[in-house]
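Enquirer: First, the structure itself, so that you have it in front of you.
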Amino acid sequence: MPVDRRLLVNIDWVMLGAVLALSAIGIATIRSATHAGAHSGLYLKQLWLLGVGLVVLVGALAVDYRRLADRAPLLYVAAVAALGYVLLFGPRIAGTRRWFFIGGLQIQPSELAKLAAAILVAKIFAESRKESLGLADIVGPGGAVGLLVLLIAVEPDLGTAFCLFPLFLTVAFLAGLRFRAILGLGAVLAIVVGFGWQFALKDYQKTRVYTFLDPSLDPKGAGYQKIQSQIAVGSGGLLGKGYEKGSQAQLGYIPARHTDFIFSVLAEEMGFLGVVVVLGLYLLVLWRALETAQLARDRVVAFLAAGITAVLAFQVVYNVAMAAGLVPVKGLPLPLMSYGGASILSTLLGIGLIINVRMRRFAN
């Protein structure tokens, strides 16, 4: 579907510019983190993936969000089917089943499932015209999102699974979820967490929590990532050690330094000032996204923009806190900066939908 040229005037160029700046910083940091090892060409692949992601973003601008919302149940079923398929037939990689391959392209359904969940809950809650909602009103959408959480957690991919909680709670709150219902939901979540700790979490996942509380319990094993990341972040100082001069990153002490812990590389080499610039760009993106939700012309797109923003904010805050050693280690990439095709494509698709909402707010 072609884009009406009149809509181009309302594209959020400020948000798009911040997104491109973060992506460029991410590619440069990936190059620094990998230039001396066997993965020295990954930054070129990330550059290619960014190009594909921008095509996906433009494609999202061409979609009428009303038609997308009307197809929310179909998108949800497709997400469940893809997650089920990868659990049954996906290859086991590093002890997990998260991906499948189509024509040599690696697909991670859990990343796309986040967007399907955002569209579904936005559609369901937008159609509810009650001024306030109780627990009974969120059982249906909560169960639908819960199924996605379960399927993703079984892979296992707890980082992505946890992203669905702020998404759901944000949209439910904006739809009018009562405070008493929030307390009741909190109690239910506490029971689920307790049950999950006892019966669902694997030993290595429990060990991550123990070593988060006390990394010295296993400084060369489960606590290693947290310790090395904290050393890298703390040693950056005000101005950093310089590009490609971070000792923790260049000597290979930081695990997953081009993916989950790319923020540690940035903090070590660019220092406090570099961190402020990057966090400022993320804050700009989130602010413009929230403003878009506020300016949206109807409830469904307001909820959609808010839900996607909640996921993006959760990932940024958690990844940065993880690098600083403030939360347990989880496999959760830093949006737009961490290496990975599924992450950057789903993030740019979500941002494209947010820009779409802002772009069409004056359309008839």
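Enquirer: If a residue must be of a type outside the set (A, V, I, L, M), free of Cβ contacts under 8 Å to residues at least 24 places away in the same chain and open to solvent by less than 50 Å² (accessible area, probe 1.4 Å), how many such residues does the range 141-179 contain?
Expert: Result for the range 141-179: 2.
Enquirer: Also, quick follow-up: When you go through ALA302, ALA293, ALA306 one by one, which is the residue that is more than 30 Å from ALA38 (Cα to Cα), among the small types (Gly, Ala, Ser), at pLDDT 95 or above and part of a helix (DSSP H, G or I)?
Expert: Exactly one of ALA302, ALA293, ALA306 is more than 30 Å from ALA38 (Cα to Cα), among the small types (Gly, Ala, Ser), at pLDDT 95 or above and part of a helix (DSSP H, G or I), namely ALA306.
Enquirer: Check off (1) in contact with a helix residue (DSSP H, G or I) (Cβ under 9 Å, 6 or more places away or on another chain); (2) open to solvent by less than 30 Å² (accessible area, probe 1.4 Å) for PRO255 and give me the number that stays unchecked.
Expert: With respect to (1) in contact with a helix residue (DSSP H, G or I) (Cβ under 9 Å, 6 or more places away or on another chain); (2) open to solvent by less than 30 Å² (accessible area, probe 1.4 Å), PRO255 is out only on (2).
Enquirer: If the requirement is being crowded, with 20+ Cβ neighbours inside 10 Å, under 26 Å from ARG361 (Cα atoms) and in contact (Cβ under 8 Å) with a residue 12 or more places away in the chain, which of these qualifies: ALA323, ALA310? Full working, then the answer.
Expert: Values: ALA323 fails: under 26 Å from ARG361 (Cα atoms).
Exactly one residue qualifies, and that residue is ALA310.
Enquirer: Of all residues in the range 91-126, which are assigned to a helix (DSSP H, G or I), over 15 Å from GLY142 (Cα atoms) and in contact (Cβ under 8 Å) with a residue 40 or more places away in the chain?
Expert: Applying the first criterion (assigned to a helix (DSSP H, G or I)) to the range 91-126 yields 109-126.
Add one more test, that the residue is over 15 Å from GLY142 (Cα atoms), and what stays is 109-112, 115.
Matches in the range 91-126: SER110, GLU111, LEU112, LEU115.
Enquirer: Still on this structure, I have one more. Six or more apart or on different chains, Cβ under 6 Å: which pairs go from a residue in the range 11-38 that's closer than 21 Å to ALA256 by Cβ and open to solvent by 60 Å² or more (accessible area, probe 1.4 Å) to one that's among the hydroxyl-bearing types (Ser, Thr, Tyr) and in a helix (DSSP H, G or I)? Could you list them?
Expert: Qualifying pairs under 6 Å: ARG31/TYR43.
Enquirer: Quick check: anything in the range 72-81 assigned to a loop (DSSP other than H, G, I, E, B) and farther than 21 Å from VAL52 by Cβ?
Expert: no
Enquirer: A further question on this structure: Give me the residue from the range 77-104 that is of a type in the set (A, V, I, L, M, F, W, C) and touching a Gly at 6+ places or on another chain (Cβ under 8 Å) and, out of that set, surrounded by the fewest Cβ atoms within 10 Å (Cβ to Cβ).
Expert: Filtering first and then ranking leaves PHE100.
Enquirer: While we're looking at this one, here's another question. With VAL320, VAL311 as the choices, which residue is touching a Leu at 6+ places or on another chain (Cβ under 6 Å), β-branched (Val, Ile, Thr) and assigned to a helix (DSSP H, G or I)?
Expert: VAL311
Enquirer: Please work out if ALA136 is out of contact with any helix residue (DSSP H, G or I) (no Cβ under 8 Å at 6 or more places or on another chain), part of a helix (DSSP H, G or I) and modelled with pLDDT under 85.
Expert: Considered against the rule, which asks whether it is out of contact with any helix residue (DSSP H, G or I) (no Cβ under 8 Å at 6 or more places or on another chain), part of a helix (DSSP H, G or I) and modelled with pLDDT under 85, ALA136 comes out as yes.
Enquirer: Is there a residue being within 12 Å of the chain's Cα centre (by Cα) and not in a loop (DSSP other than H, G, I, E, B) anywhere in the range 330-340?
Expert: There is no residue in the range 330-340 that is within 12 Å of the chain's Cα centre (by Cα) and not in a loop (DSSP other than H, G, I, E, B).
Enquirer: Among the residues of the range 241-274, which ones are touching a Phe, Trp or Tyr at 6+ places or on another chain (Cβ under 8 Å) and in a helix (DSSP H, G or I)?
Expert: SER247, ILE262, GLU269, MET270
The values are calculated or read from the model by the stated rules, or taken from the named source; none is laboratory data. The shown structure was predicted, so the numbers you read here are calculated from the model rather than taken from an experiment. Neighbour counts are summed over all protein chains in view; Cβ atoms, including those assigned to glycine, are modelled from backbone coordinates with ideal geometry. With ligands, DNA and RNA removed, areas are computed over all heavy atoms of the protein, side chains included. Shrake-Rupley method; radii C 1.70, N 1.55, O 1.52, S 1.80 Å.
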